[in-house]
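These notes concern the structure reproduced below.
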Amino acid sequence: MTSWKKVALCIILNICLITLGSFTAYSQQASTSDQEKVFEGTVKTAVGKYIYLPEAKGLDIIIAGNVEGGVENLIGKQVRVSVSLLPDKANLAVANSIELKDGNNYRNIYTRSGEPDYSDYFPPSARDQYVALNITAINKPDEWQGKTNVKVYGLLQTSEAKQGTATVPVTHIVIQDKKGKEIARIIVNNITDYARFYISKLRLFDRFWFYLNVKDQVDRKVTARTKEIFSADVVFCGLY
């Protein structure tokens, strides 16, 4: 092969390598940008480490770090939020930064400082693991006994009860028939932040589905007097 042909071949090979490298870099950059979004709007709900921005359609936003003034102080505020999408959590995004609108300008009030705590996150796929209970009477324990992951349609109610000489708040899920007559009560031991977040998002509704991890059955004598059938932790709430 003559020397000029060797030079030409080297030039062609270099051009091909440069083009391939540029294409690879562009593809990686495009892939990264597809996983990052910026939303501007007014925060409608903020509970624990979660915020809801209507403009971030279909996404709940989780915080990983400290927010100036506290997360729940963001309600009603105009913000600009940069988030990273999570391929394995389709309805969740991590906030990388939050800027609060101050006049015509934005100022930073939060910068992501680590990985979020996903311990109370309830993925949509988990809903299928929860059995819907059809409770018709407190004298039919077969309708709920032996089940650990359940969902019930009801109303959240907080009242006061005597505990020794003290009065303490007690939270129940009240189950009613189609005419609004009370059938049974479920004692609420705990409500996760993610469940409270959804209760807040569902504030226009007074009845919805509660997803429960059942804890303890109530003694039948107590059930006859109070209509309480079991206690449970609330892990999620929804309209279906």
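Say we look at the stretch 212-221 and pick out the residues that are surrounded by 12 or more Cβ atoms within 10 Å (Cβ to Cβ) and free of Cβ contacts under 8 Å to residues at least 40 places away in the same chain; which of these is farthest from Tyr121 (Cα to Cα)? Among those that are surrounded by 12 or more Cβ atoms within 10 Å (Cβ to Cβ) and free of Cβ contacts under 8 Å to residues at least 40 places away in the same chain, it is Val218. Taking the stretch 71-100 as the range and being more than 15 Å from Tyr50 (Cβ to Cβ) and of a type in the set (Asp, Glu) as the test, the residues that pass are Asp88, Glu99. Checking each residue in the stretch 192-240 for being among the basic types (Lys, Arg) and more than 20 Å from the chain's Cα centre (by Cα) picks out Lys215, Arg220, Lys221, Arg225, Lys227. A search for C-beta distances below 7 Å between a residue of the stretch 223-238 that is on the phi > 0 side of the Ramachandran plot and any residue that is surrounded by fewer than 20 Cβ atoms within 10 Å (Cβ to Cβ) and part of a strand (DSSP E or B), counting only pairs 6+ apart in sequence or on different chains, returns Lys227/Glu182. Kindly evaluate Arg207 against the criterion of being in contact (Cβ under 8 Å) with a residue 40 or more places away in the chain and either surrounded by 15 or more Cβ atoms within 10 Å (Cβ to Cβ) or not small (Gly, Ala, Ser) (or both). Criteria met by Arg207. Restricting the stretch 164-174 to residues that are touching a residue at least 12 places away in the same chain (Cβ under 8 Å) and out of contact with any Phe, Trp or Tyr (no Cβ under 6 Å at 6 or more places or on another chain), the residue that is nearest to Phe230 (Cα to Cα) is His172.
Among the residues of the stretch 70-84, are any over 21 Å from Asp193 (Cα atoms), loosely packed, with under 13 Cβ neighbours inside 10 Å and in the same structural domain as Thr45 (by TED's automatic domain parsing)? Scanning the stretch 70-84 turns up no residue that is over 21 Å from Asp193 (Cα atoms), loosely packed, with under 13 Cβ neighbours inside 10 Å and in the same structural domain as Thr45 (by TED's automatic domain parsing).
Does the stretch 96-115 include one or more residues that are within 23 Å of Val235 (Cα to Cα) and free of Cβ contacts under 8 Å to residues at least 12 places away in the same chain? The answer is no, given that none of the residues of the stretch 96-115 is within 23 Å of Val235 (Cα to Cα) and free of Cβ contacts under 8 Å to residues at least 12 places away in the same chain.
A count restricted to the stretch 68-86 and to residues that are under 17 Å from Gly41 (Cα atoms) and either without any contact (Cβ under 8 Å) to a residue 40 or more places away in the chain or assigned to a loop (DSSP other than H, G, I, E, B) (or both) stands at 9.
Can you name the number of the only condition in (1) more than 16 Å from Ile98 (Cα to Cα); (2) basic (Lys, Arg); (3) modelled with pLDDT of 50 or more that Arg80 fails? The failed condition is (1).
Pairing each residue of the stretch 135-152 that is over 16 Å from Val222 (Cβ atoms) with any residue that is outside any loop (DSSP other than H, G, I, E, B) and among the hydroxyl-bearing types (Ser, Thr, Tyr), provided the two are 6+ apart or on different chains, yields C-beta distances under 9 Å for Asn149/Tyr211; Val150/Tyr211; Lys151/Tyr211; Val152/Tyr211. Residues considered: Tyr198, Tyr194, Tyr211, Tyr240. Of these, the only one that is at pLDDT below 95 and either assigned by TED's automatic domain parsing to the domain that holds Thr148 or over 20 Å from Ile62 (Cβ atoms) (or both) is Tyr240. Among the residues of the stretch 175-204, just one is under 14 Å from Ser231 (Cα atoms), buried (at least 16 other Cβ atoms within 10 Å of the Cβ) and out of contact with any Ser or Thr (no Cβ under 9 Å at 6 or more places or on another chain), namely Ile175.
Counting only strands (runs of 3 or more DSSP E) that sit wholly inside the stretch 144-205, those with at least 2 residues that are in contact with a Pro (Cβ under 9 Å, 6 or more places away or on another chain) are 149-163.
Here Lys89 passes the criteria (1) outside any strand (DSSP E or B); (2) in contact with a Lys or Arg (Cβ under 7 Å, 6 or more places away or on another chain) except the one numbered (2).
The values are calculated or read from the model by the stated rules, or taken from the named source; none is laboratory data. Given the structure is predicted, the values throughout are model-derived calculations rather than measurements. Cβ sites come from the backbone with ideal geometry, for glycine too, and all protein chains shown count toward neighbours.
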